[in-house]
């Protein structure tokens, strides 16, 4: 799991930077202006210093794990300079800092729950480990079953 971004929440806006080798991109994650369906993104990720043609570099969706009471934002980054889209998650720390995590192995929306069970987010965010794995994790990650 790699921490690839750091953000501060300012109202409904997240302002910070995402580090792509070899550059750091000043970024804003802002609420989407309109939702056309239930699967439309809740957020738009923009590059602050970009021209009008390539300002949008991704999108995000509000997510919630009720069994662990964790809220986070599932983020997909995509730009002409990337070989393929990057799936990441934006999680809040206890000091009201938000961190963007990416992992080549997990990716996607199940990453937070998987990393939570494996206690990888615990040193990063102070999250307590759970006692029971969900059926979803047992299906997708049988290697975690003791």
- Message: Between residue 79 and residue 93, what is the label-point separation in nm under the 7 Å Cα-to-beta-carbon projection?
- Response: 2.3 nm
- The simple spin-label model distance between residue 42 and residue 3, using points 7 Å out along Cα→Cβ, in nm, is 2.3 nm
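Across region 2-107, how large is the tail of the calculated P(r) beyond 15 Å, expressed as a percent of all Cα pairs? Mind dumping the intermediate values first?
On the way: 3525 of 5565 pairs.
More than 15 Å apart: 63 percent of the Cα pairs in region 2-107.
Computed from the coordinates by the stated procedures, all read-outs in this text should not be read as laboratory data. Keep in mind it's a predicted model, so treat the numbers as computed, not measured. Counting neighbours? That spans all protein chains shown, and the Cβs are built from the backbone with ideal geometry, glycine included.
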